[in-house]
1. Listed residues Leu435, Leu361; which is at negative phi, open to solvent by less than 20 Å² (accessible area, probe 1.4 Å), modelled with pLDDT of 95 or more and not in a loop (DSSP other than H, G, I, E, B)?
2. Suppose we filter the stretch 560-618 for residues that are of a type in the set (S, T, N, Q) and either more than 56 Å from the chain's Cα centre (by Cα) or open to solvent by less than 20 Å² (accessible area, probe 1.4 Å) (or both); how many remain?
3. Taking the stretch 242-261, which residues are closer than 20 Å to Leu336 by Cα, in a loop (DSSP other than H, G, I, E, B) and in contact (Cβ under 8 Å) with a residue 40 or more places away in the chain?
4. Run down Arg374, Arg352 and say which single residue is open to solvent by 50 Å² or more (accessible area, probe 1.4 Å), part of a helix (DSSP H, G or I), basic (Lys, Arg) and in contact with a Leu (Cβ under 7 Å, 6 or more places away or on another chain).
5. From Glu367, Glu317, which residue is at pLDDT 90 or above and over 17 Å from the mean Cα position of the chain (by Cα)?
6. Can you work out which of the residues in the stretch 409-432 that are touching a strand residue (DSSP E or B) at 6+ places or on another chain (Cβ under 9 Å) and open to solvent by 50 Å² or more (accessible area, probe 1.4 Å) is modelled with the highest pLDDT?
7. Among the residues of the stretch 99-112, is any over 38 Å from the mean Cα position of the chain (by Cα) and at pLDDT below 80?
8. Under 8 Å between Cβ atoms, at least 6 apart or on separate chains: pull out the pairs that start in the stretch 464-489 with a residue that is over 15 Å from Ile556 (Cβ atoms) and touching a residue at least 24 places away in the same chain (Cβ under 8 Å) and end on any residue that is open to solvent by 70 Å² or more (accessible area, probe 1.4 Å) and outside any helix (DSSP H, G or I).
Amino acid sequence: MSNQDNYRFQVNLSGMINILSNHLYSNPKVYLREVLQNAIDAVTARKKLDSSYEGRINIELSGSGSGATLIIEDNGVGLNEAEVHEFLAMIGQSSKRGATDVLVQETSFIGRFGIGLLSCFMVSDEIVMLTQSAKGGPSLEWRGNPDGTYSIRHLEQSLEPGTKVFLRCKPDCEMYYDPENLEKWLYDYGALLPYPIQLQTAQMTKVVNHDRPIWLSQPELARSCRDEVLEFGNKLLGERFHDFIPLQTATGRTGGIAFILPQAVNLNAKKSHRVYLKHMLVSDKAENILPDWAFFVKCLVWTDELQPTASREHFYENETLEQVRTELGESIRSELMRMAETDPDRLQNIIRLHALSMKALAAEDVEFYRIIYRWLPFESTYGRRSLGELLKEVKEGRSLYFTYTLDEYRQITHVAAAQAMLVINGGYVYDTELLSRLPEVHPSVNAERLLPEDVSLSFTDITPEERLQLYELTRIADAALQRFRCQVQVRRFKPADLPALFTLSQESSSLRSLEKAEEVSTPAFSSVLSSLTGKFEESAYATLYLNLDNPVVSRIFQPQHAQMLVVAVEMLYVNSLMLGHYPMSRAEMGVLNQGILQFMEWGLSANANNNTAHGGQE
């Protein structure tokens with residue numbers, strides 16, 4: 001006798017329904033998609049039996065509010081009693097199952113998991129189904145309950161082949177039986193279906209998907225139907241677009257329309273597209289259907305080759321999806337490159353609105369970069385201009401200068417602009433990468449990084465007489481900033497109204513960041529950061545260049561103002577930090593506060609002395 005006992009898993013149907021409604025499906029309204037999908041699959045199955053057969057799907061709403069009943073009727077293949085037991089009583093058993101794994105095999109049906117009808121329990125406490133198999137047999141009535149029980153009754157009257165599903169409104173589910181909602185949702189789910197869907201309510205009877213454009217099956221025709229395509233996009237996506245790009249893969253099994261967003265979007269904007277699987281809407285929030293760089297479009301995509309997840313609201317990340325994503329991206333890229341040759345004004349309009357997305361694609365694709373580089377905009381000391389315009393300003397044999405970071409650009413922009421020096425800000429996303437690779441697409445241009453200390457090389461040194469005259473005061477000023485690891489140098493440079501320029505090396509920048517993080521960290525982590533700062537302390541010196549052409553700096557270095565020198569240099573130091581948008585340490589904030597108070601004190605004293613002198617004269 002065996003000591004092993006075998007048991008079968010049991011499914012708690014009410015618990016399963018809770019999982020469907022609260023965890024698998026994003027919204028109870030998907031019950032409509034599931035029953036519509038079953039009807040479409042039944043029609044498709046009967047079409048395989050009789051090619052002359054015309055499929056028909058009717059949705060009828062009777063009653064209103066909590067007393068509403070929805071009837072979904074199709075004239076499809078129907079079910080016999082054995083099929084009812086097999087497909088409606090076993091979760092995971094789909095009527096579209098073949099001999100191989102149902103989750104991976106190719107099929108013309110939409111449903112695969114045998115759980116669609118259960119979703120109706122989200123909006124109804126009972127499901128009643130009348131069905132007649134097109135293969136013959138008696139007409140049947142099936143009643144299903146959310147406690148897992150069901151009954152089957154043979155009807156005395158013989159029905160026409162097909163299936164009718166009756167759903168009575170569940171308490172608090174009135175919105176899912178509202179006529180306006182039903183019309184909208186049926187259009188959303190079934191706009192691309194090849195079979196007419198008729199909705200009948202007390203107020204009207206209409207086919208909700210009667211206008212199926214021809215370019216849905218031939219996306220290349222969309223270009224000649226521009227207004228119709230834009231209106232279709234507005235109707236389905238709820239947004240007014242001005243331009244679009246047709247999409248199609250090499251096999252023709254996936255196609256669509258990529259609508260150009262009418263407003264600029266940032267890099268982190270949520271990317272979601274509406275995807276129809278075998279003409280049925282399965283997701284209006286598909287995020288992984290296009291490459292990451294294509295965040296400037298919102299797409300309608302139809303496919304018959306992607307594999308949906310159990311909820312049918314997303315797709316499995318497999319080789320097929322990767323191939324489709326690559327080919328849809330190639331469709332967009334090819335259209336943009338075609339525009340560059342045939343309609344450059346249209347491409348420039350897209351670039352002006354979606355420069356960041358264009359730069360993202362150019363950073364990935366050097367050939368695309370070669371085609372569009374001249375239209376990409378960049379911030380520079382000559383203003384925000386296209387790269388083509390900026391290249392015209394570079395004299396033959398000279399380099400095009402750019403900074404790696406926004407901080408570097410802020411440090412030198414005033415000086416460079418005053419000296420009519422062209423410098424491009426490479427601190428924004430993709431800009432440094434694109435500017436570094438510019439010689440690859442424009443070999444005659446030498447693009448070179450410019451550091452703040454490079455700009456200082458153009459400063460005019462003071463004369464030996466001035467150096468000797470200012471030696472002691474310069475030493476005092478330099479000593480005042482040593483605690484901040486900053487040295488002071490006196491130069492002359494343009495613009496004269498800029499009193500000082502703060503520059504720092506990469507080591508100094510790293511040290512400042514570590515020290516700032518150390519100030520706001522826990523003691524344990526602060527100790528770790530402190531050990532890291534040690535290796536920078538020897539070499540990490542910044543430089544504060546004081547402009548002797550500036551009237552204020554010139555007066556500070558006059559002997560009669562020597563008592564103000566230290567405070568004045570410290571204030572010029574923190575002022576330069578603020579102009580460069582550098583975060584200041586507690587010690588530097590303390591210098592700023594003390595300096596303001598000191599100058600207020602000197603101002604008040606000077607004013608009092610003036611009043612006294614003025615009164616004495618009177």
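The values are calculated or read from the model by the stated rules, or taken from the named source; none is laboratory data. Everything numeric here is computed off the predicted structure, so don't read it as measured data. Counting neighbours? That spans all protein chains shown, and the Cβs are built from the backbone with ideal geometry, glycine included. What goes into the accessible areas is simple: the full protein's heavy atoms, side chains included, and nothing from ligands, DNA or RNA. Shrake-Rupley method; radii C 1.70, N 1.55, O 1.52, S 1.80 Å.
1. After ruling out the rest, the residue left standing is Leu435.
2. At the first step, the residues of the stretch 560-618 found to be of a type in the set (S, T, N, Q) are 560, 563, 575-576, 585, 593-594, 598, 605, 607, 609-612, 617.
In the following step, the residues that additionally are either more than 56 Å from the chain's Cα centre (by Cα) or open to solvent by less than 20 Å² (accessible area, probe 1.4 Å) (or both) were identified as 560, 563, 576, 605, 607, 609-612, 617.
Going through the stretch 560-618 one residue at a time, the tally reaches 10.
3. Within the stretch 242-261, Asp243, Thr249, Ala250, Leu261 meet the criteria.
4. Details: Arg352 fails: in contact with a Leu (Cβ under 7 Å, 6 or more places away or on another chain).
After applying the criteria, what remains is Arg374.
5. Working: Glu317 fails: at pLDDT 90 or above.
Criteria check complete, one pass: Glu367.
6. Restricting to residues being touching a strand residue (DSSP E or B) at 6+ places or on another chain (Cβ under 9 Å) and open to solvent by 50 Å² or more (accessible area, probe 1.4 Å), the top hit is Tyr428.
7. Keep residues of the stretch 99-112 that are over 38 Å from the mean Cα position of the chain (by Cα), which gives 99-100.
Within this subset, residues satisfying the condition of being at pLDDT below 80 are 99-100.
Yes, that holds for at least one residue.
8. If the second residue must be open to solvent by 70 Å² or more (accessible area, probe 1.4 Å) and outside any helix (DSSP H, G or I), the pairs left are Arg485/Glu537; Arg485/Tyr541; Cys486/Tyr541; Gln487/Tyr541.
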